[in-house]
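As structure tokens, the structure follows; a few thoughts come after it.
The values are calculated or read from the model by the stated rules, or taken from the named source; none is laboratory data. Everything quoted here is computed from the prediction, not taken from an experiment. With ideal geometry, Cβ positions are generated from the backbone for all residues, glycine too; neighbour counts draw on all protein chains shown. Surface accessibility is based on the protein's heavy atoms, side chains included, excluding ligands, DNA and RNA. Shrake-Rupley method; radii C 1.70, N 1.55, O 1.52, S 1.80 Å.
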Amino acid sequence: MGDLMRRIVWVLLVAVVALSGRAVAQDDGDDSPEAVRMRQQIETRFGAQVQEMLGLTDQQATQLRATLGTYAPKRRAMEREERAIKRGLQAQLRPGIAANADSVGRLVDRLLDLKVQYVKSFVDEDKEMAKYLTPVQRAQFLVMRERLMARIEEIRQQRQQQRLQGGAGAGPPP
């Protein structure tokens with residue numbers, strides 16, 4: 001029964017993500033009320049699944065929500081900045097137009113610094129979780145999060161492909 005319940009929760013989570021094109025659009029950085037609501041629903045459902053599958057106590061679940069609530073917004077801000085930097089690089093690296101080497105250098109340096117900060121945020125988050133989760137729970141959480149993120153990325157790519165096909169007259173947009 002546990003496997004069936006896991007599948008049901010996973011299907012519901014995927015359905016919520018799939019139903020919101022704006023919430024999973026490639027490079028959207030959407031902070032609209034709809035996107036915020038969808039993100040909260042995903043986080044709530046994922047949190048319930050994590051608590052059940054990892055066998056967390058209520059106290060551990062509360063601590064985990066607090067930790068994630070601290071780091072997730074920081075990472076979203078970093079992701080927004082990364083998208084802005086990449087747009088700046090695209091503008092500088094247009095074919096047939098000379099790029100400003102100083103500007104490109106600053107953008108690349110900032111992009112690399114940002115990537116290091118992004119990874120460090122996961123390390124810091126894990127150190128905080130180590131205070132109240134067992135090593136096995138931490139590992140299980142990492143696996144669950146990776147699966148969720150891989151599924152979200154898969155949906156993003158599907159939506160992007162649908163938009164490209166829809167824009168080329170291959171069918172109605174999603």
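Taken per residue, the accessible surface of region 27-174 reaches 64 Å², heavy atoms only and a 1.4 Å probe.
Once all protein chains are placed together, I152 keeps about 20 Å² accessible to a 1.4 angstrom probe. Kirkwood radius, region 88-148, all distinct C-alpha pairs, inverse of mean reciprocal distance: 14.5 Å. Applying the criteria of a DSSP loop state and at most 14 other Cβ atoms within 10 Å to the trypsin sites (Lys or Arg not before Pro) of region 62-163 yields K131.
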